[in-house]
Amino acid sequence: MFQDLAIIPILALIPLLGHEQAVSASSPVEMSPALRTVLALAIIMALVCGSRTVVNPLFRWIAVTRQKEIFTAAALLIVVGVALLMDSVGLSMALGTFLAGVVLADCEYRHELESNIEPFKGLLLGIFFTAVGSSMDFSLLSAEPLRILALVLLLLACKIFVLNLCARLFNHDSRNGWLFSVLLSQGGEFAFVLFTTAQGFGALTARQSSELTLIVALSMFTTPFLLKAVEKLIAQENRKPAVTEEKIESDHNAVIIAGMGRFGQIVARLLHTNGMSATIVDYSPDILDRVRAFGFKVYYGDATELSLLESAGLEHAKVVVLAIDDRDACLRAAEQIKKHYPKVRIMARAFDMMHAYELMDIGVQDFQRETFDSAVGLGERVLVELGVHPHAARRHAKVFHRYDNRVLHELHSLHKQRNEFISSSKAAREELGRLFSVDEENLRQGHADAAWVKS
């Protein structure tokens with residue numbers, strides 16, 4: 001925002017840097033650059049200070065009409081009016097439109113205006129960048145490639161240096177500081193407006209304006225590549241030997257929990273409250289610090305590495321809980337354990353039905369779909385809210401829970417055959433409806449409630 005707002009004083013000062021009189025049909029009186037600048041600054045101050053006393057009452061009056069079109073028309077009138085006002089004193093209309101945007105942003109009806117203008121924003125932004133792209137002179141790059149590329153690198157280096165310095169001054173950590181610096185390292189889009197205005201006032205020649213436009217555009221092109229490089233550096237930083245070299249002192253616990261996120265934490269807490277300890281492994285340094293503060297003994301490591309699990313006591317473990325917050329990593333860890341330690345029981349977190357089938361393909365039969373029980377519980381509460389007796393709602397939930405788990409296993413062999421799987425799923429849904437009807441009929445006839453019978 002600071003970078004964008006800097007456009008106002010820069011555009012106001014450009015006439016002082018130029019040596020040509022700006023031509024304006026609406027300004028027949030010639031003024032010196034200094035007088036134009038003073039007048040422009042006075043207009044800017046008047047707009048900023050007087051916007052609340054004029055704009056808010058205007059839009060409050062328009063709001064009474066409840067006509068969206070009038071809102072949009074009034075906003076455009078303000079933009080065009082301020083742009084013409086700035087043009088009348090020989091300054092850039094771009095400065096006027098930007099100031100009009102600042103005035104409208106301070107209006108109490110700004111959210112309504114924003115929603116009305118939103119459909120046009122993407123279109124006009126596309127036209128703006130298309131116009132900039134079509135005006136670029138790539139012959140300059142082919143004529144002096146080393147010079148242009150050197151200037152691009154100089155721009156990036158200077159901005160990254162200044163932004164990183166600002167990040168340090170405001171106590172951002174190294175990781176956020178580098179991300180912040182790289183994200184804003186390119187030249188801003190308002191630079192194109194500046195160059196055009198400066199060329200109009202003679203502060204830049206046509207060639208200089210073309211070169212600067214090309215340099216800024218190329219700096220924008222580098223941003224995604226620089227960001228990707230920084231992300232890789234940060235990822236390597238998170239895997240420093242200082243953390244990965246942590247030695248696991250296995251107590252030969254019967255349970256190993258791989259993953260201490262929202263799922264694994266609940267399992268660990270339940271074991272802890274029952275006086276049972278577990279060896280916990282996680283790959284996130286942030287989670288390690290957070291969980292250790294609550295008294296849990298957690299080790300850093302990648303659970304997909306068999307050697308790490310072995311050092312955690314896999315040979316002596318009875319159960320490995322795979323609560324890894326990565327479905328592919330969960331599958332890789334399950335494959336390793338099944339292959340080398342088939343007697344160890346794997347209990348896994350399944351992200352969804354398809355992930356459950358992938359675990360079953362490996363041979364893991366003990367899994368829990370992470371949202372299934374909570375969704376069934378919420379559905380039961382919805383039934384009660386809609387007037388179903390709590391006992392009946394609980395009975396329906398139990399029937400649905402048991403039947404869905406049974407169907408899940410029955411359709412395992414078809415999950416890679418899309419058409420057959422969809423057809424069988426529809427048939428199972430209809431069968432479930434029939435089961436509910438039979439259950440209700442049995443209750444009316446005084447038979448035992450099948451919902452509470454353990455299957």
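Things to note:
- Residue check, Val344 outside the structural domain of Asp404 (by TED's automatic domain parsing) and either closer than 16 Å to Leu271 by Cβ or in contact (Cβ under 8 Å) with a residue 40 or more places away in the chain (or both): no
- In the range 77-103, the residues that are within 21 Å of Ala198 (Cα to Cα) reach residues that are modelled with pLDDT under 80 and of a type in the set (Asp, Glu) with C-beta atoms within less than 9 angstrom, at least six apart or across chains, in these pairs: Gly90/Glu30; Met93/Asp87; Gly96/Asp87; Phe98/Asp4.
- Filter result for Leu226 (closer than 26 Å to Leu125 by Cβ and either assigned to a helix (DSSP H, G or I) or under 30 Å from the mean Cα position of the chain (by Cα) (or both)): yes
- All positions within the range 333-362 that are under 22 Å from Leu414 (Cα atoms), in a loop (DSSP other than H, G, I, E, B) and either at pLDDT 90 or above or of a type in the set (Phe, Trp, Tyr) (or both): Phe351
- Restricting attention to the range 88-112 and to residues that are surrounded by fewer than 19 Cβ atoms within 10 Å (Cβ to Cβ), of a type outside the set (A, V, I, L, M, F, W, C) and modelled with pLDDT of 75 or more, the residue that is farthest from Leu17 (Cα to Cα) turns out to be Gly101.
- Scanning the range 192-238 for residues that are over 21 Å from Leu141 (Cα atoms), polar (S, T, N, Q) and surrounded by fewer than 19 Cβ atoms within 10 Å (Cβ to Cβ) turns up Gln236, Asn238.
- Every condition in (1) surrounded by 14 or more Cβ atoms within 10 Å (Cβ to Cβ); (2) within 23 Å of Ile280 (Cβ to Cβ); (3) at pLDDT below 90 holds for Ala293 except the one numbered (1).
- Within the range 351-368, the set of residues being among the aliphatic types (A, V, I, L, M) and under 16 Å from Arg406 (Cβ atoms) comprises Met353, Ala356, Met360.
- Within the option set Arg395, Arg418, Arg369, Arg406, being surrounded by fewer than 17 Cβ atoms within 10 Å (Cβ to Cβ), out of contact with any Ser or Thr (no Cβ under 9 Å at 6 or more places or on another chain) and under 23 Å from Glu431 (Cβ atoms) holds for one residue only, Arg418.
- All positions within the range 377-396 that are hydrophobic (A, V, I, L, M, F, W, C) and either closer than 18 Å to Gly259 by Cβ or at pLDDT 90 or above (or both): Leu378, Val382, Leu383, Val384, Leu386
- The residue that is farthest from Val230 (Cα to Cα), among those in the range 140-189 that are polar (S, T, N, Q) and outside any helix (DSSP H, G or I), is Asn171.
- Top-ranked residue of the range 50-87 - restricted to ones that are under 30 Å from Leu17 (Cβ atoms) and aliphatic (A, V, I, L, M), ranked as modelled with the lowest pLDDT: Met86
- Of the criteria (1) over 30 Å from Asp404 (Cα atoms); (2) at pLDDT 85 or above; (3) not in a loop (DSSP other than H, G, I, E, B), which one Met276 fails: (3)
- Selection of the range 121-138 for residues being among the hydrophobic types (A, V, I, L, M, F, W, C) and assigned to a helix (DSSP H, G or I) yields Leu123, Leu124, Leu125, Ile127, Phe128, Phe129, Ala131, Val132.
The values are calculated or read from the model by the stated rules, or taken from the named source; none is laboratory data. Bear in mind that the values here come from a model prediction, so they are computed numbers and not experimental data. Note that we place each Cβ from the backbone using ideal geometry, even for glycine, and neighbour counts take in every protein chain shown.
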